[in-house]
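A quick write-up on the structure given underneath.
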Amino acid sequence: MTRAVAARTARWTRRGLRPGDRVFLHSGNRLEFFAELLALWRLGACAVPLDPRLTRVELERLVEAASPRFSVVDDSVEVASALPASVAVVGADEADGTGDLPPDLAEPGADALILFTSGSSGRPKGVVHTHASLRARWAALRHHLGLAAYARTLCLLPTHFGHGLICNSLFPWLAGQDLFITPPFRPDLLARLGALIDEHHITFLSSVPAVWRLALKVAKPPRRAPLERVHCGSAPLPATLWDGIRGWSGTKEVFNTYGLTETGSWVAGTSGGPFTPADGLIGAPWGATIRVRRAADADGLAALGGAECAPGETGHVWLETPALMRGYLGRDDLTRRVLVDGHFATGDLGTLDERGWLHLRGRERDEINKGGMKIAPAEVDAAAEGCPGVAEVCAFAVDDPLYGQNVGLAVTMGQEGDEAVGDLYRWMRERLAETKLPARWWRVDAMPRSDRGKVSRDAVREACAARPPLDLTRILQGR
């Protein structure tokens, strides 16, 4: 790897790269990507990893937002042709330099990484991390989690967002552990997951609930030796799925991790000793202070003035950590909405228990306001997840002439016919107050997802709005 990094620093020096230059990286999840990243950091430049599946329009928006000086592409002519003349195109395999590594020009407070979040359908939002914030995240993880379990790490996730890049890949690899990486979200690889773990003696992997739902269906468990530890994050982990991962992997150390791109990803998890999986359980902070406050901002700006909630009381989750982003690229308006005196307003709702462990109750912006009663869609999802025959569910807000909003539910089921829907309704009625039961239901073949594999509530809502809901009354009456 040292030789590959040196070759790239020599190439960048010839190209005239300067400290502070921003460079688009279009191809991740391969050795060359990591060599490119280290070379850019060595020379003081800022890396901007991108989803290689971006459309031309999305790429043009990101160019406008980030003003890159260079763009590293593989063999994609379409990507290269979409870039303006002001952006110099460099081939990913163009690295024929030789020699020693140059002096390290990276300054702790300099921009190191920009990660774009929430897609690019509107004005792009780039999360800016410095070398100092990234190092703070890795130091906190090493202190709280150790390194032994991460000796042979597998990354199945994309490397253009925080979970896959900062934590799953760079945290163990830069600490000297072995990293094995695959193309992301490949069903054929997930079908061989147990065999891959056996073949490469994998001790750790991190992923998202959607990946595990598929893997548990199509992949045989590892046979030679169980994984030592598994992380699952980026989306709520239902207790039923949690237990399924434990059984498949052969380890009790399945940690539900919590983090945001703005905090360098993993900022808390269930690592504090024996625990029983539960819907919404996160656990203890990793290099952060977690506060749950009653205050909701009145004018669209974040406010710290509200009192902290009592244990078990639901409120707004705030984080304080040295791994916090510098801000949103060129978006001081957005930065002011979430950063106040070094504290970050996550937009999540949660509680702290007597141990100081975090329990999430949903997203503030996802809340369903049913006549003044706030309902977290994640709570509705969790009530439906364990029902036999249910593959996936997604609750969301629908317009209601009486309440203003009500609960809608999209469901993917393994069984055909009305009987399965009736069974799910009765299952949920046993687990949710009547006021929280979905008022409108849709059956869908598949849930719309973001480029990170997460179910998009907004996309599900839009898809369902274009078609009539199920006639639940007729189904329950058996007509």
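The values are calculated or read from the model by the stated rules, or taken from the named source; none is laboratory data. All figures in this text were calculated on a predicted structure; none of them were measured in a lab. Ideal geometry is used to build each Cβ from the backbone, glycine not excepted, and the neighbour counts take in all protein chains shown.
Can you find even one residue in the range 150-168 that is more than 24 Å from Arg246 (Cβ to Cβ), hydrophobic (A, V, I, L, M, F, W, C), in contact (Cβ under 8 Å) with a residue 40 or more places away in the chain and touching a Pro at 6+ places or on another chain (Cβ under 7 Å)? Break it down stepwise before answering.
Of the range 150-168, the ones more than 24 Å from Arg246 (Cβ to Cβ) are 158-162, 165-166.
Checking which are hydrophobic (A, V, I, L, M, F, W, C) leaves us with 161, 165-166.
Filter once more, keeping what is in contact (Cβ under 8 Å) with a residue 40 or more places away in the chain: 161, 165-166.
Retained after the next criterion (residues that are touching a Pro at 6+ places or on another chain (Cβ under 7 Å)): 165.
Yes, some residue in the range 150-168 is more than 24 Å from Arg246 (Cβ to Cβ), hydrophobic (A, V, I, L, M, F, W, C), in contact (Cβ under 8 Å) with a residue 40 or more places away in the chain and touching a Pro at 6+ places or on another chain (Cβ under 7 Å).
How about the range 343-358: which of its residues are under 22 Å from the mean Cα position of the chain (by Cα) and of a type outside the set (A, V, I, L, M, F, W, C)?
Of everything in the range 343-358, those that are under 22 Å from the mean Cα position of the chain (by Cα) and of a type outside the set (A, V, I, L, M, F, W, C) turn out to be His343, Thr346, Gly347, Asp348, Gly350, Thr351.
Regarding the range 136-148, can at least one residue be identified that is free of Cβ contacts under 8 Å to residues at least 24 places away in the same chain and surrounded by fewer than 19 Cβ atoms within 10 Å (Cβ to Cβ)?
So far as the range 136-148 goes, yes, one or more of its residues are free of Cβ contacts under 8 Å to residues at least 24 places away in the same chain and surrounded by fewer than 19 Cβ atoms within 10 Å (Cβ to Cβ).
Table: residues versus (1) modelled with pLDDT under 95; (2) closer than 23 Å to Gly259 by Cα; (3) β-branched (Val, Ile, Thr).
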residue	(1), (2), (3)
Pro172	no, yes, no
Ile181	no, yes, yes
Pro184	yes, yes, no
Ser206	no, yes, no
Lys217	yes, no, no
Glu228	no, yes, no
Gly233	yes, yes, no
Ala239	yes, yes, no
Ile245	no, yes, yes
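Considering each residue of the range 137-153, count those that are assigned to a strand (DSSP E or B) and either out of contact with any His (no Cβ under 7 Å at 6 or more places or on another chain) or not assigned by TED's automatic domain parsing to the domain that holds Leu324 (or both), and give that number.
1
Being among the aliphatic types (A, V, I, L, M) and in a loop (DSSP other than H, G, I, E, B) is the filter; apply it to the range 309-325 and report the residue that is farthest from Arg365 (Cα to Cα).
Just the residues of the range 309-325 that are among the aliphatic types (A, V, I, L, M), to begin with: 310, 317, 319, 323-325.
Retained after the next criterion (residues that are in a loop (DSSP other than H, G, I, E, B)): 310, 323-325.
On the way: Ala310: 22, Ala323: 24, Leu324: 21, Met325: 21 Å.
Of everything passing the filter in the range 309-325, Ala323 is farthest from Arg365 (Cα to Cα).
Which of the residues spanning the range 276-293 are buried (at least 17 other Cβ atoms within 10 Å of the Cβ), without any contact (Cβ under 8 Å) to a residue 60 or more places away in the chain and within 26 Å of Leu193 (Cα to Cα)?
Pro277
Mind listing whichever residues of the range 405-436 are in a loop (DSSP other than H, G, I, E, B), without any contact (Cβ under 8 Å) to a residue 40 or more places away in the chain and either among the hydrophobic types (A, V, I, L, M, F, W, C) or outside the structural domain of Val380 (by TED's automatic domain parsing) (or both)?
Within the range 405-436, Ala433 is the sole residue that qualifies.
Thr117 passes all but one of (1) more than 26 Å from Leu339 (Cα to Cα); (2) surrounded by fewer than 21 Cβ atoms within 10 Å (Cβ to Cβ); (3) outside the structural domain of Leu37 (by TED's automatic domain parsing); which number fails?
(1)
Among the strands (runs of 3 or more DSSP E) confined wholly to the range 347-392, which include 1 or more residues that are among the β-branched types (Val, Ile, Thr)? Give the steps one after another, and end with the answer.
Values: elements: 358-363, 368-370, 373-375.
Of the strands (runs of 3 or more DSSP E) lying wholly inside the range 347-392, those with at least 1 residues that are among the β-branched types (Val, Ile, Thr) span 368-370, 373-375.
Go through the residues of the range 346-361 one by one and say whether even a single one is among the small types (Gly, Ala, Ser), in contact (Cβ under 8 Å) with a residue 12 or more places away in the chain, surrounded by 18 or more Cβ atoms within 10 Å (Cβ to Cβ) and out of contact with any Gly (no Cβ under 9 Å at 6 or more places or on another chain).
no
Could you list all residues from the range 62-91 that are polar (S, T, N, Q) and surrounded by 15 or more Cβ atoms within 10 Å (Cβ to Cβ)? Lay out the reasoning, then the answer.
In the first step, residues of the range 62-91 are kept if they are polar (S, T, N, Q); the result is 67, 71, 76, 81, 86.
Passing the criteria: only Ser71.
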